1. Tell me, what ³J(HN,Hα) does each residue in the range 241-247 have, in order and in whole Hz, if you take phi through Karplus 6.51 cos²θ - 1.76 cosθ + 1.60 with θ = phi - 60° and put x for Gly and Pro?
2. I need to check one value: relative contact order of the range 234-333, counting alpha carbon pairs closer than 8 Å and at least 6 residues apart, in percent.
3. Suppose the chain between V318 and L144 were pulled fully straight at 0.36 nm per residue; how much longer would it get relative to their current alpha carbon spacing?
4. Could you rank the peptides 142-154, 278-290, 199-211 by their average count of other C-beta atoms within 10 Å per residue, with the highest value first?
5. What's the percent breakdown of Cα-Cα distances in the range 202-333 across 10 Å bins, shortest bin first?
6. List the residues, sorted by chain then number, that are 5 or more residues from V176 or on another chain and whose placed amide H is less than 5 Å from its amide H.
7. Whole-Hz ³J(HN,Hα) for each residue in the range 256-270, computed from phi via Karplus 6.51 cos²θ - 1.76 cosθ + 1.60 with θ = phi - 60°, x for glycine and proline: what do you get?
8. Give the distance, in whole Å, between the Cα centre of the range 241-259 and the Cα centre of the range 270-324.
Amino acid sequence: MTTDLARGVEDEHRDRSPRRKPPLIRLVVVLVPVVAAVALAYAQAGSGVIVIQAVVTGILVGGVYGLTAMGLTLIFGVLDIVNFAHGAFLALALFVSYWLVSSAGLHPYLGLLVCVPVMFGLGAVIQRGVLSGAMGKPLQNQLLITLGISLLIENSLLLFFGADPRSIELPGERGVGIFGAVADLSRVLAFAGALVLAGLLFLLLRRTRLGTAIRAVAANDTGAQLVGIDTRRIYVITFAIGTACAGAAGTLLAPLVTIEPHTGSLFNIIAFVVVVLGGMGNVVGALVGGLLVGLVEQLGSLCLPGQSPLLSVFIVFVLVLFLRPQGLFGSSP
């Protein structure tokens, strides 16, 4: 099981060697779609202010997309499991946040103090009790199990909360000026929260003994066992962290989206696109991919008015895979 997450273990032994510059193709693949989208958006909108507004909104939303995808790519990088239940975990966090606000009167973003531990615990229980038996099994078995978990969560939400859409209003909501654009305070706070949590996750993986163990298991689980690492414990913790990332993203998104039992399905698609764009198993790539998808989504709504914002995302998705099949930060096969 070798992913880009595993390369961090080898990097620690190369500190004295000169760093190689990122391939030029990576920079081109990132910049060309963004520049093209900006140019087309400007030509369509005819106003630089509208384009700046779309860029700012795309970056703010893309940060939360990146946090969502970081949890998904971490799970794949360590457990080698494609988790189709990731979006359902996000939807569950949305409803937990809604309940905390409507019933307990808690501030929407203070719900992070509840949602993150709850989702961490739920992820640990599911991995230990359900997914541990799927480790090493054929891919279709893993897909069916995670898809079943997703359907169970979504239908449970439908049973307990109904199908009526809900929303959360952020107290003191107002516009915030950014480079001539006006962004909702909720988007700014969500972006800031996503960056802080993404930074904490990166520090955990790079600067702690637990993070070193996680990367060692991602590099070679058999070798990790031989040096005394409890791989089963690492699997549980990693899946729990990935689920907690989905929970955190759901809490940050709660004031921004319509809350429905099937809301997670859309974010599941976005998260998978982001993970593949960034490179399977690459945490930094997931964050960069999230920002790219957020930008393309918002600019695409200007370039292709009346069309689904995801249409432009899929166009860029195909273009990136054509130029760099392993993703922006993925290693060559």
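Read the figures in this text as sums done on the coordinates, not as results from a lab. Worth saying up front: this structure is predicted, and the values here are computed from it rather than measured. Here the Cβ positions follow ideal geometry from the backbone for every residue, glycine too, while neighbour counts run over all protein chains shown.
1. Whole-Hz 3J(HN,Hα) from phi for the range 241-247: 5, x, 5, 5, 4, 5, x.
2. On the way: 73 pairs, mean separation 25.4, N = 100.
With pairs under 8 Å counted, the relative contact order is 25 percent.
3. Working: separation 174, 0.36 × 174 = 62.64 nm, distance 2.62 nm.
So the extension gain works out to 60.0 nm.
4. Working: 142-154: 17.4, 278-290: 27.0, 199-211: 13.6.
Ranked by mean Cβ neighbours within 10 Å, highest first: 278-290, 142-154, 199-211.
5. Spelled out bin by bin, the range 202-333 gives 11, 33, 33, 18, 5, 1 percent.
6. For V176, the qualifying residues are A183, D184, L185.
7. 3J(HN,Hα) across the range 256-270, in whole Hz: 9, 10, 7, 8, 9, x, 9, 4, x, 4, 5, 6, 5, 4, 4.
8. Rounded to whole Å, the Cα centres lie 19 Å apart.
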